[in-house]
Structure formats: C-alpha cells, structure tokens
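I have placed the structure first, in the form of structure tokens, so that the comments after it can refer back to it.
Please treat every number below as a calculation from the coordinates, not as lab data. Predicted model, so just to flag it, every value in this text is computed and none were measured. For neighbour counting, all protein chains shown are included, and Cβ atoms are generated from backbone atoms with ideal geometry for every residue, glycine included.
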Amino acid sequence: MTDTATVLRHPLWLRLTHWVNAAAFLALVVSGIAILLALPRLFWGETGANGAPAAFDLPLPVNLEQTGWGRNLHFLAGWVLVLNGAVYLVTGALTGRLRRAVVPDRDQIAPARLAREIADHARLTPARGREALRYNALQRMAYFGVIAVLIPTMILSGLTMSPGVTAAYPELFTLFGGRQSARTVHFIAACLLVLFLVVHVAQVFVGGARNLMRSMITGRFTVPPERADA
C-alpha cells in the first residue's frame with residue numbers, strides 16, 4: 001500500500017468501552033494510592049499492622065485522612081471496570097474482535113518475524129501500511145496477559161480483602177494465602193497494570209498520537225504508507 005487511506009478501524013462499542021475502562025482505571029489508581037497511604041507496608045499471610053514486621057515497606061508517608069473517600073471511589077470504579085469489561089469481553093467474543101486482539105496470526109509467530117518485531121520495538125519503529133491495521137504479536141501477548149491474568153488477579157485479590165465476600169467464599173483465603181497476602185498480590189498486579197499503561201501510551205506516541213487518538217475517538221484511522229525500502 002503506497003497511497004494513504006482512511007478507514008474505520010474501531011467500532012463504536014469498542015471506543016466506548018475503551019474510554020470507560022480508561023476512566024475507571026484512572027479512578028482506581030488514584031483511590032488505590034489514597035487507601036495505600038493509610039498503611040504503606042506490605043505483608044504476607046492473614047494479619048498485618050504498623051507495628052508488625054512487614055515483607056516490604058513502601059517509601060510513602062502515612063495519611064489516614066484519605067481512606068474514606070478512597071475506599072468509596074475504589075469500590076465504585078472497580079465495579080464499573082468489571083461491568084464494562086464484561087461488555088467488552090462478550091461483545092468482543094461475539095464479533096471475533098477479542099480473538100483478533102489476543103491471538104497472534106500464524107505468520108506473526110514465526111521466529112524470524114518475532115525477532116523483527118522485537119527489533120522494531122527496540123528501535124521505536126512504528127508499523128506501516130497494512131501491518132498498522134492489526135496488532136502485532138507482542139501487543140497481542142501483552143493484551144492476553146492483561147485480560148487473562150492481571151485483571152482476574154486484581155478482581156479476585158480485591159474480593160479477598162472484603163470480609164463479606166470471604167465469609168461467603170473462604171476458598172479465596174486458600175487461593176492467596178491470607179488477606180494480607182491478597183493485598184500484596186493486589187499491589188503487585190496494580191503496578192504491572194500501570195507499567196502496561198505507560199508502555200501503551202508510549203506506543204501511541206511512537207505510532208502517531210494524533211492518528212491513533214483520532215481512531216479511538218471517531219474510529220477513523222489514516223493508514224501510514226509503506227516505507228520506501230519495504
């Protein structure tokens with residue numbers, strides 16, 4: 001493809017769920033920090049307190065005044081993320097969009113192709129032409145990790161910290177090894193999700209922020225022309 005073309009890349013349902021997820025995740029990060037400041041120490045097992053030995057002390061100041069609104073917002077944003085994520089998963093599965101987002105195409109998993117994609121990422125070289133219209137293998141593997149591993153871990157570990165939930169499902173304690181263990185796992189998963197977000201935003205700027213942002217707002221994406229040496 002040598003001439004630029006503008007196509008409809010993202011359907012309306014995907015754009016809506018994307019931005020709702022983004023807003024919910026931002027609210028979760030802000031409220032999560034507010035909650036963490038009440039006890040910026042991580043433990044393993046069932047119990048943990050300021051005077052108890054911790055597995056890890058975070059270099060954060062203790063602030064007990066932010067916990068109330070933080071917990072309320074965290075609870076609300078968490079359920080928004082879960083419900084909106086369910087809409088994305090169901091709609092994506094029915095339309096085939098989910099498979100295309102997380103399962104690499106056959107040609108993308110060839111060792112030589114993977115090596116080239118890794119090199120392109122290291123050189124900050126964006127995809128062009130028809131390749132810009134599909135996620136590469138590294139992106140799909142990252143999305144699979146987020147959808148299949150990190151998000152479920154966040155949800156289950158968060159529920160384990162709720163006394164009401166664990167009263168009905170004590171098996172969660174066995175899964176995580178205790179309430180404080182679940183809190184530590186929750187923190188680690190949150191850090192990995194923030195790292196994913198940072199890389200995701202960086203890739204947007206590498207790939208052309210204006211074009212990619214427009215495609216996620218209006219759906220219209222201008223296909224960048226192939227490189228002259230392609």
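What the table below lists for this structure:
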read-out: Residues of the range 96-131 that turn out to be surrounded by fewer than 14 Cβ atoms within 10 Å (Cβ to Cβ), of a type in the set (Val, Ile, Thr) and more than 21 Å from the chain's Cα centre (by Cα), as a count; value: 1
read-out: Filter pass, residue 149 being without any contact (Cβ under 8 Å) to a residue 40 or more places away in the chain, over 22 Å from residue 48 (Cα atoms), of a type outside the set (D, E, K, R) and part of a helix (DSSP H, G or I); value: yes
read-out: Close pairs from the range 160-171: first within 18 Å of residue 186 (Cα to Cα), partner part of a loop (DSSP other than H, G, I, E, B), Cβ under 9 Å, at least 6 apart; value: 160/169; 160/178
read-out: Index of the failed condition, residue 5 passing every other in (1) exposed (fewer than 14 other Cβ atoms within 10 Å of the Cβ); (2) closer than 27 Å to residue 181 by Cα; (3) not β-branched (Val, Ile, Thr); value: (2)
read-out: Close pairs from the range 118-130: first under 10 Å from residue 223 (Cβ atoms), partner charged (D, E, K, R) and surrounded by fewer than 13 Cβ atoms within 10 Å (Cβ to Cβ), Cβ under 6 Å, at least 6 apart; value: 128/227
read-out: Where residue 191 falls short, out of the listed (1) under 30 Å from residue 38 (Cα atoms); (2) surrounded by 15 or more Cβ atoms within 10 Å (Cβ to Cβ); (3) within 22 Å of the chain's Cα centre (by Cα); value: (2)
read-out: Total residues in the range 89-141, condition over 17 Å from residue 8 (Cα atoms) and among the basic types (Lys, Arg); value: 6
